[in-house]
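One structure is given below, encoded as structure tokens.
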Amino acid sequence: MFHPVQGDADETSLVGTVVHFGETLLQLEPFSIHVRTVPIKDQVIQLHFNKPPFRVIQHYLSAHTLSICLEQDHWASTGDKLCSFHGQKGVLRLMKTLPLLDERIQPDLLVNPYSLFRMTPGQILEGVTRGEGRDAQTVRNTDGQIVPDAKAFYAKTFYFPIAYWSSEHFYAPSECTMDKILHQAVKGRSRGGGMRLGNMELFNGLRGNGLAACFEEKFFEHGIESQMNTIPRSVYPNQWNW
């Protein structure tokens, strides 16, 4: 038997309590990394969800499986990751202006046509059959001017957020524990670590936002520069006799 919490779980992470009246030992294995179990007695286990607040919408209990549906409100911000029902994932970014389609539609998400791959046909089919998808008759750019011969398809599709909020992982410590070998910050807030520069941070963060060019300009072009004239020549032993 499952006893869910009533109302919103504002501060507590308790989802509900599972009670087993049989003779066999009650054992639970969560399918989500955000769910943890807390044994109370031999046949009583509490379930906790580590991302409150939330609301328990419904649950279904069978002989071997307990399915729980939770509703959670979250203000989307840049860096959050969304996923469609067809497995297409993308990261939110903030754009100052967006194009205008058919003089009334301003899209929420833009999909580059060069990103079409095996998961895209399912999303296009969803937009055509369920999302009132159609080709745009007029397309205005960010300056409000009509783009001649522009082709754009827009439709309504479902996206759900992946529970990995950027606001929970954004931190910039002024002092952090450094690795003695790599001379970079150790990983994890619990160990006093900070952000480490890898391939994703280098290409997506520094080069994508132009910060790498700022470093190059500051350390090279604005640094102490000296020029000297040299005469290039080849040096080889005399016994080679070229």
All positions within segment 54-87 that are in contact (Cβ under 8 Å) with a residue 40 or more places away in the chain, among the β-branched types (Val, Ile, Thr) and within 20 Å of residue 12 (Cα to Cα):
56, 68
Can we say residue 114 is exposed (fewer than 15 other Cβ atoms within 10 Å of the Cβ) and within 30 Å of residue 152 (Cβ to Cβ)?
yes
Only residues in segment 96-110 that are aliphatic (A, V, I, L, M) count as the first member; pair them with residues that are not in a loop (DSSP other than H, G, I, E, B), Cβ under 7 angstrom, at least 6 apart or cross-chain, and list the lot.
100/140; 101/139; 101/154; 105/154
Is there any pair with a first residue in segment 164-182 that is within 30 Å of residue 74 (Cβ to Cβ) and a second that is β-branched (Val, Ile, Thr) and at pLDDT 75 or above whose Cβ atoms are under 9 Å apart and which are 6 or more apart or on different chains, and what are they?
166/78; 166/91; 176/186
Which ones in segment 92-111 are surrounded by 15 or more Cβ atoms within 10 Å (Cβ to Cβ) and either in contact with a helix residue (DSSP H, G or I) (Cβ under 7 Å, 6 or more places away or on another chain) or of a type outside the set (A, V, I, L, M, F, W, C) (or both)?
99
Given the conditions (1) modelled with pLDDT of 80 or more; (2) within 23 Å of the chain's Cα centre (by Cα); (3) not charged (D, E, K, R), report the number of the one that residue 53 does not fulfil.
(1)
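The values are calculated or read from the model by the stated rules, or taken from the named source; none is laboratory data. On a predicted model such as this, the values are computed, not experimentally measured, just so you know. When we count neighbours, we look across all protein chains shown, and the Cβ atoms used for this are built from the backbone with ideal geometry, even at glycine.
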